[in-house]
Amino acid sequence: MKRVRYVSRFRENMSPAAIQALAREASEFNSGHQITGALLATGQIFFQMIEGPRQEIDALWSRIKADPRHVDVVILSSEEGGLSRLCPDWSMKTIDLSIDASEATLPLRTLIQLIFDQHKIIDSAVEALEKATWNMLLKAELNDMERIAGM
C-alpha cells in the first residue's frame, strides 16, 4: 500500500464544472485500479491524497505529472508499507472550495495556499543551497589540485 499527498497549481483557473469533470474522470479511473483518495480544489490549487497498491499509485503519479491541466506539482508526503486506507469508500472524494467562498472555508483555502507557497520557497532554498555547495566543492577541489601540482 502506498499513499501520496501533493499540491499543484492549475495551469488556468478551472470552473466548478471542469473540476467536477476532472473528479468524475479520476473516480472512474481509480475504481478500476484499486485507488482511493480525496481532492480539494480552490479554483487555483489542488490538494490531493491518493492511496492504493504501489504499482498503481506509481503509474497514476506518472499520469498526474504529465497532466497538462496542472503545473508545479509538489509532493507533500509519500508513505509505503502496512498502511490502512484513509478513504476506503472513496474512489475520489472531491470538495471544491471555490464553490463555497464563505468564511467557513477560508481557513482551508488559506492553508492550502500557504502549503503550496511554502514548498515553492523550500524548493528555491534547496536549489540555492545545492548551487552554493557545488561551487564550494569545486573551489576546494581546484585548490587541492593546485596544491598537488605545486608540490
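Rank P68, S31, T133 by how far each Cα sits towards the positive end of the charge dipole of the chain (+1 on Lys, Arg Cβ; -1 on Asp, Glu Cβ) and give me just the farthest.
The residue sitting farthest along the positive end of the dipole is S31.
Mind checking which of E130, E28, E12 has the largest fluctuation in a GNM of the chain, springs on alpha carbons under 10 Å?
E130
Quick one: dipole size for region 1-84, taken about the Cα centre, charges +1 on Lys/Arg Cβ and -1 on Asp/Glu Cβ, in debye to the nearest 20.
On the way: 10 positive and 10 negative charges, 26 e Å.
That gives a dipole near 120 debye.
Enumerate the lysines that K139 could reach by cross-link, defined here as Cα to Cα under 20 Å, with residues fewer than 8 away along the same chain left out.
Straight-line reach from K139, under 20 Å: K131.
Highest GNM mean-square fluctuation, the chain, Cα pairs closer than 10 Å: which of F116, F46, F29?
Evaluated over the chain, the most mobile residue of the options is F29.
As a check on your grasp of the helix formula, calculate [θ] at 222 nm for the chain: sum -39500 (n - 2.57) over DSSP H runs of n ≥ 4, divide by the residue count, round to the nearest 500. Intermediate results must be reported in sequence, preceding the final value.
On the way: 3 runs with 73 residues, N = 151.
Value at 222 nm, helices only: -17000 deg cm²/dmol.
Considering only DSSP beta bridges whose two residues both sit in the chain, what percent are antiparallel, to the nearest 5?
Values: 22 of 26 bridges.
Given both bridge residues lie in the chain, the antiparallel proportion sits at roughly 85 percent.
Using a Gaussian network model on the chain with a 10 Å cutoff between Cα atoms, which of E51, E141, E103 fluctuates the most?
Result: E141 has the largest fluctuation of those listed.
If you wrap a convex hull around the C-alpha atoms of the chain and split its volume per residue, what is the figure in Å³? Each step should come with its number before you reach the end.
On the way: hull volume 22.7 nm³, N = 151.
Residue-normalised Cα hull volume stands at 150 Å³.
Could you give me the ³J(HN,Hα) list for region 37-48, computed from phi with Karplus coefficients 6.51, -1.76, 1.60 and θ = phi - 60°, whole Hz, x at Gly and Pro?
Result, ordered by residue: x, 9, 10, 10, 10, 10, x, 10, 9, 9, 10, 9 Hz.
Could you size up the charge dipole of the chain around its Cα centre, putting +1 on the beta carbon of Lys and Arg and -1 on that of Asp and Glu, and report it in debye to the nearest 20? Don't skip to the end; give the middle numbers.
Details: 17 positive and 21 negative charges, 21 e Å.
Dipole magnitude for the chain comes out near 100 debye.
Can you sort V126, V73 from fewest to most other Cβ atoms within 10 Å of each residue's own Cβ?
Details: V126 10, V73 16.
The order, fewest Cβ neighbours first, is V126, V73.
Sort V74, V7 so that the residue with the fewest other Cβ atoms within 10 Å of its own Cβ comes first and the one with the most comes last. It would help to have the intermediate numbers written out before the result.
Working: V74 16, V7 24.
By the 10 Å Cβ count, ascending: V74, V7.
Say a site is exposed when it is one of the trypsin sites (Lys or Arg not before Pro), sits in a DSSP loop, and has at most 16 other Cβ atoms within 10 Å; what is then the longest site-free stretch of the chain? Could the numbers behind the result be given before it?
Details: sites that count: R11, R69, R85.
With trypsin sites (Lys or Arg not before Pro) excluded where exposed in loops, the chain gives 86-151 as its longest stretch.
Calculate, for D89 and E130, the FRET efficiency according to 1/(1 + (r/R0)^6) with r their C-beta to C-beta distance and R0 41 Å; round to the nearest 0.05. Provide the component values of the computation, followed by the final result.
Details: r = 43 Å, r/R0 = 1.04.
For D89 and E130, the calculated efficiency is 0.45.
Mean separation of Cα pairs under 8 Å and 6+ residues apart, divided by the residue count of region 1-138: what relative contact order is that in percent?
Contact order relative to length: 36 percent.
Each value in this text was obtained by applying a stated rule to the coordinates, not by laboratory testing. Worth saying up front: this structure is predicted, and the values here are computed from it rather than measured. Cβ sites come from the backbone with ideal geometry, for glycine too, and all protein chains shown count toward neighbours.
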